[in-house]
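A.B. asks: First the structure, which I've put down as structure tokens, then a few questions once you've had a look.
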């Protein structure tokens, strides 16, 4: 690993300050609202202005249409968003259009597709981030799982995710997990998912944690019907969301990227939603958060 231990948080703070000053970081302003359902206070962030993000997307689409070439925002990456080198295979960038403060992207240096299997190198990079910053690491495995960029990248958002100070809105559900042979399910989640507690101490070396996490990941995917034969490379056989903290791993099998107009990625299963308008907020209230999660997941 190339990252000097104990430096990622400070590098993130410094890069955020300079990227704001230069205009490279274009945070999306939001207002927060809570929707209570089944004992969970789901956090909904309502966008106040998406003009800059939409303009950037249209610009990329126009260049792709004109040249016939896909525009990869990570190759080359924007220098002003560079936070740190993680390893020989991964680096860390700020999320240019962030909603959550200090939202990090852990990106492969060379192009790998977002719909290929995660590797031990990916998990080593993930654990490097989690070792430095206590938060939620996640991976949107494919467009049906809410991925917006095809270049492989994990993400890391520091705790707490809730402005009031709670780490995760779904924290109350983790305490209700039903365990069978060390593999758990959340009773309120009526869709295909699995939870497991990491069977090692936090102080274990990163490479060992990565190796164990890879084995858990492959086994859990197989249990969800997303068949993984242990291959190092290859296109995934199904879409999924992967969420990890320092303590546990949650994987959800996905069937579609959105419910009506409301897009859902990993953060939905952490208990947070992002909507583009007040109309979408009302739709979310009518459908209810748990029903939306059920509709975009495999039964």
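Rule-based calculations on the coordinates, nothing more; no lab input. Here the structure is a predicted model, which is why all the values come from computation and not from measurement. Quick reminder, even Gly has a Cβ in these numbers, built from the backbone with ideal geometry, and neighbours come from all protein chains shown.
A.B. asks: Using alpha carbon centroids, what distance separates the stretch 97-149 and the stretch 247-278, in Å?
C.D. replies: The two parts, judged by their Cα centres, are 15 Å apart.
A.B. asks: Sorted by average packing, counted as other Cβ atoms within 10 angstrom per residue and highest first, what order do 9-16, 72-79, 229-236 take?
C.D. replies: Values: 9-16: 16.2, 72-79: 14.0, 229-236: 10.8.
Averaged packing, sorted descending, gives the order 9-16, 72-79, 229-236.
A.B. asks: Between 67, 89, 119, find the one with the highest GNM mean-square fluctuation for the chain; connect C-alpha pairs within less than 10 Å.
C.D. replies: Evaluated over the chain, the most mobile residue of the options is 67.
A.B. asks: Quick check: residue separation of residue 50 and residue 70 times 0.36 nm, minus the Cα distance between them. What number comes out in nm? Could you put the intermediate results ahead of the total?
C.D. replies: Working: separation 20, 0.36 × 20 = 7.20 nm, distance 2.25 nm.
Answer, rounded to one decimal: 4.9 nm.
A.B. asks: Now a separate question. Against the 2.2 N^0.38 Å scaling, with N counting residues, where does the stretch 8-295 land? I'd like the Cα-based Rg ratio to two decimal places.
C.D. replies: Computed over Cα atoms of the stretch 8-295, the ratio equals 0.97.
A.B. asks: Using alpha carbon coordinates only, what is the Rg to Rh ratio of the stretch 143-212, with Rh defined as the Kirkwood radius? Working shown, then result.
C.D. replies: Working: Rg = 15.3 Å, Rh = 15.3 Å.
Reported Rg/Rh, Kirkwood definition of Rh: 1.00.
A.B. asks: What shape does the stretch 128-257 take by its C-alpha gyration tensor, where a ≥ b ≥ c are the square roots of the eigenvalues and a/c under 1.5 counts as rounded, a/b above b/c as prolate, and the rest as oblate? If you can, show how the numbers build up before the last one.
C.D. replies: On the way: a/c = 1.21, a/b = 1.16, b/c = 1.04.
Rounded.
A.B. asks: Arranged from highest to lowest average of other beta-carbon atoms within 10 Å per residue, in what order do the peptides 208-214, 239-245 appear?
C.D. replies: Top to bottom by mean Cβ count within 10 Å: 239-245, 208-214.
A.B. asks: Let me ask another. Within 10 Å, count the other beta carbons around each residue, average over each peptide in 196-202, 41-47, 157-163, and list them highest first.
C.D. replies: 41-47, 157-163, 196-202
A.B. asks: Using a/c under 1.5 as the rounded threshold, could you call the stretch 94-143 rounded, prolate or oblate? The axes a ≥ b ≥ c are square roots of the C-alpha gyration tensor eigenvalues, and prolate needs a/b larger than b/c, oblate otherwise. Walk me through the intermediate numbers first.
C.D. replies: Details: a/c = 1.87, a/b = 1.24, b/c = 1.51.
Because a/c hits 1.5 or more and a/b fails to exceed b/c, the stretch 94-143 counts as oblate.
A.B. asks: In nm, give the distance between the simple-model label positions of residue 17 and residue 175, each being 7 Å from the Cα along the Cα-to-Cβ direction.
C.D. replies: 3.8 nm
A.B. asks: Related question: Given a cut-off of under 8 Å on Cα pairs at least six residues apart, what relative contact order in percent is computed for the stretch 8-295?
C.D. replies: 21 percent
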